[in-house]
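Only one structure is covered here, and it is reproduced in the block below.
The values are calculated or read from the model by the stated rules, or taken from the named source; none is laboratory data. Just so it is clear, the structure is predicted and the values come from calculations on it, not from any experiment. Here the Cβ positions follow ideal geometry from the backbone for every residue, glycine too, while neighbour counts run over all protein chains shown.
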Amino acid sequence: MSVEGLLLALLLAGLTSAWVGRPLLRRQGDVAAVFLSKQQERARAYYERVLANIRDLDEDFNTGKISPEEYASEREQWVQRGMIVLKLIDELDAQHNIIDNTQADDAAIDAAIEAAIQAARAEPVS
């Protein structure tokens with residue numbers, strides 16, 4: 001084998017290795033992006049549930065299934081939850097995770113959302 005052939009083979013092997021290895025190296029950064037996306041998805045799903053509950057509550061009130069007092073208190077609770085979840089979504093959109101463990105599952109993310117809601121409820125209203 002000639003020197004030129006050997007250099008060409010080494011160059012070709014290096015380029016092939018770089019092309020194959022590039023996605024593997026980029027994958028580390030993708031884990032954080034996927035985790036953030038997963039949190040955003042879970043928070044938006046929770047917000048959709050809040051909206052559905054408010055719509056159901058409105059329908060129940062309009063059909064006379066619940067009293068005006070019960071309707072007002074429950075609707076206020078769901079509206080407060082919706083506002084808290086929207087704040088969480090804004091925080092996630094600003095690239096801040098609500099949970100640090102990138103290996104967390106949906107239940108852990110849901111628990112973090114519930115904890116944020118409970119913490120916001122415990123804060124005195126000013």
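Okay, here's what the table says:
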{"read-out": "Any chance Glu70 is modelled with pLDDT of 90 or more, part of a helix (DSSP H, G or I) and surrounded by fewer than 17 Cβ atoms within 10 Å (Cβ to Cβ)", "value": "yes"}
{"read-out": "Check on Leu57, at pLDDT 80 or above and closer than 22 Å to Ile113 by Cβ", "value": "yes"}
{"read-out": "Residue pairs meeting the criteria (Cβ under 9 Å; at least 6 apart or on separate chains; first touching a residue at least 24 places away in the same chain (Cβ under 8 Å) and among the small types (Gly, Ala, Ser), in the range 76-91; second assigned to a helix (DSSP H, G or I) and surrounded by fewer than 14 Cβ atoms within 10 Å (Cβ to Cβ))", "value": "Gly82/Leu51"}
{"read-out": "Options Thr63, Thr16: the member that is exposed (fewer than 11 other Cβ atoms within 10 Å of the Cβ), more than 28 Å from Ala111 (Cβ to Cβ), at pLDDT 90 or above and among the hydroxyl-bearing types (Ser, Thr, Tyr)", "value": "Thr63"}
{"read-out": "Lone unmet requirement of (1) among the basic types (Lys, Arg); (2) surrounded by fewer than 17 Cβ atoms within 10 Å (Cβ to Cβ); (3) at pLDDT below 90 for Arg42", "value": "(2)"}
